[in-house]
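Below you'll find the structure, written out as structure tokens, and then a few comments.
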């Protein structure tokens with residue numbers, strides 16, 4: 001999925017820094033040291049007249065970017081975190097609220113157990129240390145979408161901390177295996193939504209979303225460019241979908257990412273001033289926003305104006321493809337955290353944790369390693385493992401006896417092409433893993449040829465049915481009897497004396513012509529290998 | 001709580017014409033603009049607070065029993081001033097769902113009655129676990145009503161075997177002489193009824209007042225944030241969001257409440273949290289442990305409910321600290337989460 005997205009962003013019309021895109025195409029990543037040879041080839045490229053982009057060539061390439069990501073995952077529990085209101089995206093405003101999530105006087109929060117279960121699941125999947133005794137805290141600030149005037153969150157004792165996430169960078173961006181640290185994962189509640197009116201003299205508050213449980217994942221500042229950041233986010237999305245804790249949808253807001261970007265000269269251990277970037281609605285905009293921000297900061301550094309980089313929050317503008325100042329941070333906000341007195345401590349038992357650990361499904365990283373061990377190339381591995389449904393289909397096909405290579409090839413070529421054309425997912429197609437396995441076996445066993453196999457596949461994809469049925473119905477069994485093939489070969493040779501003469505005269509390419517004719521005569525059923533062997537014999541014999 | 005009371009056929013009658021102190025923030029029930037609640041025994045004196053109205057109603061025989069809330073003293077102190085029985089149950093015994101929160105870790109709903117038995121009956125009707133209150137206790141409520149013996153059935157020394165501890169720090173300096181002699185008289189009365197009575201020292205006792213005020217004000221400053229005029233209440237229109245909040249709350253909240261919010265916010269703010277809130281919680285643990293220890297040696301501990309009798313209306317108006325100081329007798333109990341009964345002799 002993420003791999004398709006990068007495809008699209010590469011041809012984006014609003015290229016402010018086209019050279020960055022080109023570099024990526026070549027597999028070189030922007031902010032690392034780049035060999036001089038490549039650098040000089042870039043200077044020949046014609047770019048837009050903006051003076052900023054001209055200066056890009058002169059920017060010293062010895063800066064590195066330091067990127068950290070805060071991800072909010074909205075949990076797909078049936079009800080909210082502290083009350084029993086249900087939640088569904090897009091419902092009529094203020095149709096799913098109660099005194100508790102509205103923060104009415106006298107209302108008290110009661111924790112939804114599923115939130116803990118999902119938090120532990122995600123913490124374990126991110127290889128974190130769990131806090132067996134954690135608590136909730138109040139994070140206090142005033143805003144109309146926060147009914148109580150505080151958010152119930154976790155401050156100093158998050159439920160999980162010190163983990164890591166392994167990702168495989170897509171091959172078109174250099175490939176490779178990367179590990180990013182996870183600082184912490186904690187539970188908190190979401191705020192409501194504010195809807196601003198056109199005129200601007202009033203805003204409306206929708207509290208449907210207030211109290212929905214969130215898990216906040218804070219990464220270590222381990223990412224170094226937009227690609228790594230986007231792949232990290234894509235892997236988080238994969239993970240939460242695999243675990244079933246969230247539908248991880250950036251468009252619906254069930255997965256939200258804020259990034260922090262800073263740059264520093266390579267070799268310096270002290271971090272540069274970090275800038276927060278918000279309003280990132282897709283992985284590709286995340287990647288572009290980060291790269292823009294990196295180049296903005298590096299440019300200021302190179303002009304000796306690094307003091308102009310202030311700790312602030314910037315908004316990514318999709319239209320103009322740049323970040324703009326949202327608000328300057330006047331010092332750090334004081335949230336006056338203190339432990340939530342209305343909720344007891346969250347105490348986990350080893351038994352509980354072990355139970356969840358054993359119930360974890362095979363995670364994307366494990367799958368990728370397993371597929372790699374089967375001998376599949378990284379391209380295949382990433383394609384197959386990264387979509388849970390495709391992986392399941394693939395595994396089911398293998399379970400029926402098919403070999404990995406064949407199954408992978410079929411899925412990635414013909415089946416993927418079909419899905420793309422018809423705009424279907426692998427769950428929508430009529431082909432079943434059993435039939436795919438049967439198809440592979442039939443071809444291997446010589447019952448049908450590869451070419452016939454493709455035809456059968458198409459029918460299976462579109463209409464379903466079974467391989468055996470189709471073979472029988474259409475009489476597609478391969479002809480492997482040498483005697484029969486010889487009969488057809490002889491006949492074709494006899495019917496084409498002119499071509500035979502030309503062949504014998506030196507035009508050996510005509511073998512293909514003969515082969516085609518025999519195929520036609522056999523209605524495509526002749527075994528190609530055998531056909532060509534016999535054909536060659538006959539053509540080259542002196543009789 | 002209303003639900004439980006209804007379940008036991010208790011008549012729930014709304015308070016008539018009695019001022020409910022603004023968000024239970026008053027020890028004298030005097031801070032409201034409209035009517036003044038007076039002590040039925042002497043209408044020139046305060047009934048106590050913050051549940052002064054409930055106490056006065058029972059005292060004036062307007063109702064048999066009534067409910068109040070006790071965060072630091074708000075049931076026991078007015079009970080003492082009005083000469084009725086006031087009971088604060090163990091924290092968590094009665095659900096807080098529906099109670100406008102003041103200090104979440106200290107609030108408890110309490111009962112007033114003219115006799116201990118009546119008060120007990122009310123408690124029994126409202127006690128028990130509530131799944132809408134995560135801090136409410138899951139412990140079974142025993143049928144303690146069955147242990148209420150009528151006076152006529154009692155033998156001459158009915159309290160024989162009961163170990164009573166009189167907290168020494170409550171009869172020392174700062175307490176009215178009249179109050180000290182009253183409590184001593186009560187103590188000897190206890191002894192006549194057969195119990196063994198000794199003075200017990202709780203060295204951390206005096207720390208209760210500052211600890212209580214830091215914690216209660218901090219928690220309440222947070223609990224009162226929801227009164228912002230956005231969803232209900234008066235909203236003052238303004239051009240900026242901050243002004244809307246500021247003006248609505250400035251106009252809508254009384255001066256005592258505003259003072260407490262400011263103090264609580266200060267105690268929780270960056271740079272002060274450790275010195276105030278965190279420190280207070282740590283001392284609270286010490287206080288709790290000292291009570292626990294004392295209750296290993298004694299079955300009940302006794303003390304005056306207030307360091308003075310009901311003061312005159314208007315007497316402490318300009319001296320909030322003096323008013324706060326009056327809570328010294330009762331706050332430790334809330335900090336420790338213990339139950340306490342105020343009874344007037």
### Task
Quick one: pull the percentage of alpha-carbon pairs in segment A:379-470 with a separation above 22 Å.
17
### Query
So how tilted is helix A:364-373 from the main axis of chain A? Cα-based, degrees 0 to 90, rounded to 10.
30
### Query
Regarding segment B:214-264, what is the average projected area of its C-alpha convex hull, in nm²?
3.3
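Among DSSP beta bridges lying fully in chain B, give the percent that are antiparallel, nearest 5. Each step should come with its number before you reach the end.
Working: 14 of 22 bridges.
Restricted to chain B, the bridges split so that about 65 percent are antiparallel.
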### Task
Run the quick spin-label model on residue B:282 and residue B:173: label points 7 Å from Cα toward the beta carbon, then report their separation in nm to one decimal.
2.7
### Message
Suppose R0 equals 60 Å. What FRET efficiency, 1/(1 + (r/R0)^6) with r the Cβ-Cβ distance, do residue B:295 and residue A:306 give to the nearest 0.05?
### Response
0.40
### Query
Taking a label point 7 Å from the Cα of residue A:523 along the Cα→Cβ vector, which residues of segment A:483-512 have an amide N closer than 16 Å to it?
A:485, A:488
### Within segment B:105-137: backbone nitrogen closer than 16 Å to the residue B:150 label point (7 Å, Cα to C-beta)
B:117-118
#### Entry: Cα-based radius of gyration of segment A:396-543 once divided by 2.2 N^0.38 Å, which approximates compact folds
1.25
### Query
Okay, helix-only estimate at 222 nm for chain B: each DSSP H run of n ≥ 4 adds -39500 (n - 2.57), divide by all residues, round to 500 deg cm²/dmol; what do you get?
-10500 deg cm²/dmol
#### Entry: Along principal axes, Cα extents of segment A:457-543, largest first, whole Å
49, 23, 19
### Query
Could you state the principal axis extents of the C-alpha atoms in segment B:110-193, from the largest down, to the nearest angstrom?
46, 37, 25
## Note on the structure
Rounded to the nearest 500, the 222 nm mean residue ellipticity computed for chain A from DSSP H runs (n ≥ 4, each -39500 (n - 2.57)) alone is -12000 deg cm²/dmol
### Fully extended contour minus Cα-Cα distance, from residue A:359 to residue A:273, at 0.36 nm per residue
26.7 nm
### Query
How many angstrom separate the Cα center of segment B:191-257 from the Cα center of segment A:201-257?
37
### Cα gyration tensor shape of segment A:309-452, rounded if a/c is under 1.5, else prolate or oblate by comparing a/b with b/c
oblate
## Note on the structure
Mean projected area (nm²) from the convex hull of Cα positions in segment B:163-266 is 10.1
### Task
Would you give the gap between the C-alpha center of segment A:518-543 and the C-alpha center of segment A:424-450, rounded to a whole Å?
27
### Message
Suppose the chain between residue A:179 and residue A:352 were pulled fully straight at 0.36 nm per residue; how much longer would it get relative to their current alpha carbon spacing?
### Response
59.5 nm
#### Entry: Volume of the Cα convex hull of segment A:459-500, divided per residue and given in Å³
111
#### Entry: Gaussian network model of chain B, springs between alpha carbon atoms under 10 Å - residue of B:294, B:151, B:56 with greatest fluctuation
B:151
### Summary
GNM on chain B, Cα springs under 10 Å; top mean-square fluctuation among B:247, B:327, B:118 goes to B:247
## Note on the structure
A student applying the Cα gyration tensor rule (rounded when a/c is under 1.5; otherwise prolate if a/b is larger than b/c, oblate if not) would label segment A:135-184 oblate
### Query
Helix A:283-302 versus the longest principal axis of chain A: what angle, 0 to 90°, nearest 10, using Cα atoms?
60
### Query
Which length gain, in nm to one decimal place, applies between residue A:484 and residue A:463 when the Cα-Cα distance is subtracted from 0.36 nm times their residue separation?
4.3 nm
#### Entry: Cα-Cα pairs of segment A:257-376 separated by more than 24 Å (percent)
57
### Summary
For segment B:278-334, shape from the Cα gyration tensor axes a ≥ b ≥ c, cut at a/c of 1.5 then a/b versus b/c, turns out oblate
### Query
Scaled to the compact-protein estimate 2.2 N^0.38 Å, what is the alpha-carbon radius of gyration of segment A:221-319, rounded to two decimal places?
1.17
### Summary
Which of B:305, B:250, B:79 fluctuates most in a GNM of chain B (C-alpha springs under 10 Å)? That residue is B:250
### Summary
Taking Cα atoms, the helix B:279-297 axis meets the longest principal axis of chain B at an angle in degrees (rounded to 10) of 10
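If you wrap a convex hull around the alpha carbons of chain A, what volume per residue comes out, as a whole number of Å³? Working shown, then result.
Values: hull volume 122.1 nm³, N = 543.
That works out to 225 Å³ per residue.
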### Task
Would you mind getting me the FRET efficiency between residue B:239 and residue A:171? Use the beta-carbon distance for r and R0 = 41 Å, nearest 0.05.
0.15
### For chain B: Kirkwood Rh in Å [reciprocal of mean 1/r, alpha carbons]
21.0
### Task
May I have the convex hull volume per residue, in Å³, for the Cα set of segment A:156-249?
166
### Query
For the pair residue A:454 and residue B:193, how long in nm is the line joining their label points, each one 7 Å along Cα→Cβ?
10.0
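Since every read-out is calculated from the coordinates, none of them should be taken as a lab result. This one's a predicted model, so the numbers in the text were calculated from it and none came from an experiment. Virtual Cβ from ideal backbone geometry, glycine too; neighbours counted across all protein chains shown.
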